[in-house]
Structures are given as C-alpha cells and as structure tokens.
1. Could you tell me the relative contact order of the stretch 1-141? Use alpha-carbon pairs under 8 Å, at least six residues apart, and round to a whole percent.
2. Work through the residues other than His254 whose Cβ is under 12 Å from its Cβ and net out their charges, Lys, Arg +1 and Asp, Glu -1.
3. Quickly estimate the mean residue ellipticity at 222 nm for the chain, helices only: each DSSP H run with n ≥ 4 gives -39500 (n - 2.57), and the total goes over all residues, rounded to 500.
4. What residues qualify as long-range amide H neighbours of Ile69, i.e. H under 5 Å apart, gap of 5 or more or another chain, H built at 1.01 Å from N?
5. Work out the P(r) tail for the stretch 2-78: percent of alpha carbon pairs separated by more than 15 Å, whole number.
6. Suppose the Debye formula is applied to equal point scatterers at every Cα of the chain; what is log10 I(q)/I(0) at q = 0.14, 0.17 Å⁻¹?
7. Could you tally the net charge around Lys81, taking each other residue with its Cβ under 15 Å from the Cβ of Lys81, Lys/Arg +1 and Asp/Glu -1?
8. Among Asp231, Asp268, Asp16, which one moves the most in a GNM of the chain with springs linking Cα atoms closer than 10 Å?
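Since every read-out is calculated from the coordinates, none of them should be taken as a lab result. The shown structure was predicted, so the numbers you read here are calculated from the model rather than taken from an experiment. Every residue, glycine as well, gets a Cβ built from its backbone with ideal geometry; the counts of neighbours run over all protein chains shown.
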Amino acid sequence: MRYVLQDAADRLGVDDVAIEEFPWHQLQPGHITALVAALRTDGYAPNTSSLYVNAIRGVMNQAWQQSLITQDQLLKIRAVKAGGGSRLTKGRNLRRTLIRELMDVCAADPRPQGLRDAAIIAILYGSGMRKSESVNMDLRQVNMAERSLQVLGKGNKELIKFAPAWAFEKLQVWLDFRREQLPEGVSDDTFLFNRIRRGSHITRERITKHAIYYIAKQRGKQVGVDIMPHDFRRSFITRVIEEYDVSIAQKLAHHANIATTVSYDMRDDNERRNATDRFSL
C-alpha cells in the first residue's frame, strides 16, 4: 500500500516527496480522475486501478476525520470510480494427481525439507489457507483430534479451517521428526514450520512467506509445473465448488462476498466446453 501511495503521488506530479509529506488533503476529484486515466493508458488492470483509488480514499477518510477536508470534498472524491473491466484469472487448478506427484517428490527427498514441504503443501491444499496464515500459525492453534486449524486471517479475523486426515498425517510426521531432533530436555518450537538451512540444519526460526513461495516453485519444477503458493488455495476452492457448491466453498474460504469465491473457480476451458456440448438438440 505504501508503494501504491508513493507511485500515486509521483504520478500526481509531486516527485521525490515522501508520502507522509504529500499534501493529500489538497487533492480534488479531478486529480483522481486523471490518475485513473493515466493508469489505464499505461495498461494497468482494472483491479490495480481500484487498488490505487481505494488507497487514496483511505487517506482522504483520515484527512476528513482530522478536519483537514470537508465532508463535501470527501464525498466528491469517493464518487470517483476506478473504471470497469476485468482480466482473465491467473493461476492454475492443481489436480489430485499433481498433488500426489508433489507428495511423491517430497517423500523421495531424504532431507528434513522433504517432510516439512509435504506438510506445508498438504495443509495449504487441504485447508485452502493463505501462505501468510500458514507461516503465522502456532502449534497451540492446531487441534489434531478435530482436524481443525485456528488462523488469523485478513482483517484481523480469527478463523477456523479444517483439513482432511491425510493432511494432518503429513503434519504429524513432520512435527514428530522435528521433536526427535531436539536435545533431551529442550522444549518444542511454538510454531509449525521451521526454516531449514544448508546441511539439513533445522533452525529454531519460523519459516517466511518468501520461503513458501520458493518451496512451491521448487517442488513444482520437480514435477514440471509452474506453481504459485496461492494455486493451492485456488485448487481447494475449485474442488469444493466441483464436488459441493459455491455456498459451501464461500464458507470454507471465509469470503465475505460470494462473487470473490466464484472468481476462484479455475475449471479449465475443456470442462466448460464439455458443459455446453451436453446441450444437444
């Protein structure tokens, strides 16, 4: 968000000025309209333009609360739209066969990374959680008996997610192995996934979001597929939609708007083509 605001300030004609020093309260609706037009000219996607507009709206809300602008000025700025349009959804749907292949390459890895990465992939795919939720989760938030995971999601909301038994089995194998490596009398780590250095040294440090990204890319490369961490969440939601319905997927994904859940539907063109082919005369 800081990058977006800084780029917006630069585009509004005030170069080399920190966002804290930019005179946001002097902005007029015409400035926002010109910014949206410039973003469109530069080929920015509609969602990106919305991000810029919403970022500025947030600043202007604060300006109004501090009596730096009038309510009339705030309402006029809020009335500026980012523009319509949409782009095709990025990412891919990871089929069950591919998940099994990922589990196989992890199992073939004799290093501790094999057990850890299998557990990470299993939890991400099995519960549909975000990578940030997985790295921030603590051991006390895991209920093995109920197969539930308590996470802190977007908007500082505490959420309960569920995962299948096989995913918890992968997690349990990793946790048991990690504990076996500890010297006698040393307590276990409070978090789930550790950073592992070269030489298979399991550190007492929590894994990072960047490491999750690297794991997804590395393991995907081993099975010949380009994988992003969010693809596990996309695939989870797609599978729930396929096997149940959108409303169940919305609840499991914890989306406030069902339209967001629908946008995660990654069923490919062949499946959509097959659906229309059934409409015979």
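1. Details: 90 pairs, mean separation 25.8, N = 141.
Value for the stretch 1-141: 18 percent.
2. Numbers: positive: Arg130, Lys154, Lys157, Lys161, Arg233, Lys251; negative: Glu133, Glu158.
So the environment of His254 carries a net charge of +4.
3. It lands at -16500 deg cm²/dmol.
4. When sequence neighbours closer than 5 places are left aside, the close amide H contacts are Trp64.
5. 52 percent
6. -1.07, -1.26
7. Working: positive: Arg40, Arg57, Lys76, Arg78; negative: none.
Its environment carries a net charge of +4.
8. Per the Cα network of the chain with a 10 Å cutoff, Asp16 tops the list.
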